[in-house]
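Next up is a structure, given as C-alpha cells.
The values are calculated or read from the model by the stated rules, or taken from the named source; none is laboratory data. Not measured: the values here are computed from a predicted model. Reconstructed Cβ throughout: ideal geometry from the backbone, glycine too, with neighbour counts over all protein chains shown.
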Amino acid sequence: MSQNDNPTLASLPAQIAALTETIPAPGQSRGLDEMRRLEALNAARTLVAALESPVERIIRDVVMTPPILMALRMGVQLGIFSQISQNPDHGVSSREIADKAGASPILVDQITRLLAAVGYIRQESVQCFKPSTLTAVIADPTMEATTRACFEIGNLCAAKAPEFFRKNSNQFPSSATDTPFQLAFNTQLTYFEWLGQNPELAKDFQQWMTLNQQATSNWVDWFNVQEHILDGFHVTNSAEDILLVDVGGGEGSYLRQFMERFPGVSGRFFLQDLPHVVSSIKNDTLPGVELIGHDFFTPQPIKGARAYFMHWILHDWSDEHCRSILSNIVAAMKPGYSKLIIHERILSDTNGDVASASLSIMMMVQVAAFERSEKQWRELLESVGLREIRFYYPPASGEGIIEALL
Ligand SMILES: C[S@@+](CC[C@H](N)C(=O)[O-])C[C@H]1O[C@@H](n2cnc3c(N)ncnc32)[C@H](O)[C@@H]1O
C-alpha cells in the first residue's frame, strides 16, 4: 500500500487543519493552561520536524532567516505595521505605505511580500494588506523598540562573530572590551559604555528589557516571596527597614511588578543603575522607590537590606567581574538575614532549550559572558562566601530564582 493509499496519512492535512481549528485564541477564557500550551507547542514542533525535509529545514534557517529579520526591521522603519494595524477595515495599499514613508513602491513591495508570507501582515488583494494576529502586536512601541535594538546590535554582532573568532583563533572572548561587538561597532567601549553614548538605542534597549519582563512568567507569582522574603523581614519602623534593593534594575519593571503584587508592604525599596539610566526614569513612574545612580563595581551603599535582587545582571559578566559585583553586595549583607535573590536562567546540562542557548550566545558575542548551569552558579556564589544556595524553577519554562545567604 503506498502512503497515499493509507487513509490516515492521506487525510493528514485535513486532520491537522481540524485540530488547528480547536485551539482557542490567546487570552480566551477557555484557553489552554500554560503548561499544557507549552507541551502542545513542543508536540507541534515535533510534527513540523517530522513533515519538513532536512534540506527544507536548513534552507529555512540559513537562507531565509536573514531576509525575514531584515523585513521585520524594515517593517518598523517604514511604519508598515502601525499603518496596517490602524486600518483594519479598509486595509492599506503598498502605494499608501510608500507615500507615507517617502519610500519607493518597489522597495515596499519587496518587504510586504515577505511579511505577508511569514504572517506578520495579511494580504487582502493585490498590493493591499490588512492586519494579521501579529500586526498590532509588533506595532506596539515596546515591540518596535525591541525589533530595532535586537536587529541593530544583536544581529550585527552575530553577523561579525565568525570573522571575530577567525581572527582570535576561535577562542572564547577574553574580555568585555574584545568581543564581536567591538568589531561590529569599531569601538573600544564595552557594550554598556557604548549604550551610554547612544541614547536612542539605549532607550530601545530598556524597552526590550521591559518586554522580556512582560513576556516571561512573573517571578512574584510562582516564587514564594512571602515565605522567602517577607516573613523574615525585621520591621523596626525606622529608616533601617530596607526590604529590597534592585541592583542594576534598569527602568524598574521588576520592582514595579513586586510592589503591585504586594501593595502596602512596609519597608524601603531602592532601584540602582548607572546614572544615565536612573536619570532617564520619570519621577512619577515608580512611586515609593528611592532611585540611586550606582556603579555595581563600587561598594554597595545600602547596607543590611532584607533582599538584594538582580535580574539579567550576572549573565552579562565573566566570573571574574561577577565576583567583583557580588563581593560588593556581600560586604553590605547582614549575615543570616540578608538574602541575595538572583533571577536568571539556570541552564540544564542536557537537552537545553533554544531560548537559553540563544541568549547565552548573545551574551558571548556582546559582552564576553554566558548563561550558567546550577553547578556554575553554585561555584560562583560559593567563591564569594555565600551559602545555603537554593535553586527554584518556574512552573513552565523561563528564568529561575537562585537564593543565597551569607
Ligand atoms: C540586561 S540589563 C537588565 C536591567 C534590569 N535588571 C531588567 O532586567 O530589566 C542590565 C542593566 O545593568 C546596568 N548596568 C550595566 N553596568 C552597570 C554598572 N557598572 N553598574 C550598575 N548598573 C549597570 C545596565 O544599565 C542595565 O540596565
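State which residue is surrounded by the fewest Cβ atoms within 10 Å (Cβ to Cβ) when the search covers only the range 45-100 and only residues that are under 16 Å from Arg113 (Cα atoms) and basic (Lys, Arg).
Arg95
Another question, if that's okay. If I ask for residues that are acidic (Asp, Glu) and assigned to a helix (DSSP H, G or I), which ones from the range 125-153 would you list? If you could, list the steps in order and put the result at the bottom.
Of all residues in the range 125-153, those acidic (Asp, Glu) come to 140, 144, 152.
Within the range 125-153, Glu144, Glu152 meet the criteria.
Being under 30 Å from Gln197 (Cβ atoms) and polar (S, T, N, Q) is the filter here, so list the residues in the range 259-281 that pass it.
Within the range 259-281, Gln272, Ser279, Ser280 meet the criteria.
Let me confirm something: among Arg37, Arg30, which residue is at pLDDT below 95, surrounded by 14 or more Cβ atoms within 10 Å (Cβ to Cβ) and under 25 Å from Pro131 (Cα atoms)?
Just one listed residue meets the conditions, Arg37.
Now for a separate question. Considering every residue within the range 352-362, establish whether at least one is of a type in the set (Asp, Glu) and crowded, with 21+ Cβ neighbours inside 10 Å.
Filtering the range 352-362 for residues of a type in the set (Asp, Glu) gives 353.
The next check asks that each one be crowded, with 21+ Cβ neighbours inside 10 Å; those that pass are none.
Looking through the range 352-362, none of the residues is of a type in the set (Asp, Glu) and crowded, with 21+ Cβ neighbours inside 10 Å.
Looking at (1) touching a Pro at 6+ places or on another chain (Cβ under 7 Å); (2) away from the ligand (no atom under 14 Å from the Cβ), which is the one condition that is false for Ala239?
Here Ala239 clears every test but (1).
Shifting gears a bit: Could you tell me which numbered condition Lys160 fails, if it satisfies all but one of (1) surrounded by fewer than 17 Cβ atoms within 10 Å (Cβ to Cβ); (2) touching a residue at least 24 places away in the same chain (Cβ under 8 Å)?
Exception for Lys160: condition (1).
Yes or no: Glu124 of a type in the set (D, E, K, R) and at pLDDT below 95? It would help to see each step written out before you state the result.
Details: of a type in the set (D, E, K, R): yes; at pLDDT below 95: yes.
The answer is yes for Glu124.
Conditions: (1) more than 12 Å from the ligand (Cβ to nearest atom); (2) farther than 25 Å from Ser397 by Cα; (3) assigned to a helix (DSSP H, G or I); (4) touching a residue at least 12 places away in the same chain (Cβ under 8 Å). Lys203 meets all but one. Number of the miss?
It fails just one condition, (1).
Could you list, in sequence order, the residues of the range 363-405 that are charged (D, E, K, R), surrounded by 19 or more Cβ atoms within 10 Å (Cβ to Cβ) and closer than 29 Å to Pro180 by Cβ?
Glu371, Arg372, Glu399
If you take the residues in the range 223-242 that are among the β-branched types (Val, Ile, Thr) and free of Cβ contacts under 8 Å to residues at least 60 places away in the same chain, which one is farthest from Leu195 (Cα to Cα)?
From the range 223-242, those among the β-branched types (Val, Ile, Thr) are 225, 229, 235-236, 242; that's our starting set.
Now drop any that are not free of Cβ contacts under 8 Å to residues at least 60 places away in the same chain, which leaves 225, 235-236.
Numbers: Val225: 33, Val235: 39, Thr236: 41 Å.
Of everything passing the filter in the range 223-242, Thr236 is farthest from Leu195 (Cα to Cα).
Among the candidates Leu114, Leu156, Leu183, Leu195, single out the residue that is modelled with pLDDT of 95 or more and within 19 Å of the chain's Cα centre (by Cα).
On the way: Leu114 fails: within 19 Å of the chain's Cα centre (by Cα); Leu183 fails: within 19 Å of the chain's Cα centre (by Cα); Leu195 fails: modelled with pLDDT of 95 or more.
When all the criteria are applied, what remains is Leu156.
Another question, if that's okay. Somewhere in the range 127-135, is a residue within 18 Å of the chain's Cα centre (by Cα) and polar (S, T, N, Q)?
No, the range 127-135 has no match at all.
Restricting attention to the range 58-80, does a residue exist that is touching a helix residue (DSSP H, G or I) at 6+ places or on another chain (Cβ under 9 Å) and of a type in the set (S, T, N, Q)?
Yes.
May I pose another question? Filter the range 208-222 for residues that are closer than 27 Å to Leu195 by Cα and part of a helix (DSSP H, G or I); which is modelled with the highest pLDDT?
Among those residues, the one meeting the criterion is Trp208.
Among the residues of the range 256-278 satisfying the criterion of being in contact (Cβ under 8 Å) with a residue 40 or more places away in the chain and within 9 Å of the ligand (Cβ to nearest atom), which is farthest from Lys203 (Cα to Cα)?
Looking at the filtered set, the residue picked out is Leu274.
Scanning the range 187-200 for residues that are touching a residue at least 24 places away in the same chain (Cβ under 8 Å) and surrounded by 16 or more Cβ atoms within 10 Å (Cβ to Cβ), which turns out nearest to the ligand (Cβ to nearest atom)?
Taking the candidates together, the pick is Phe192.
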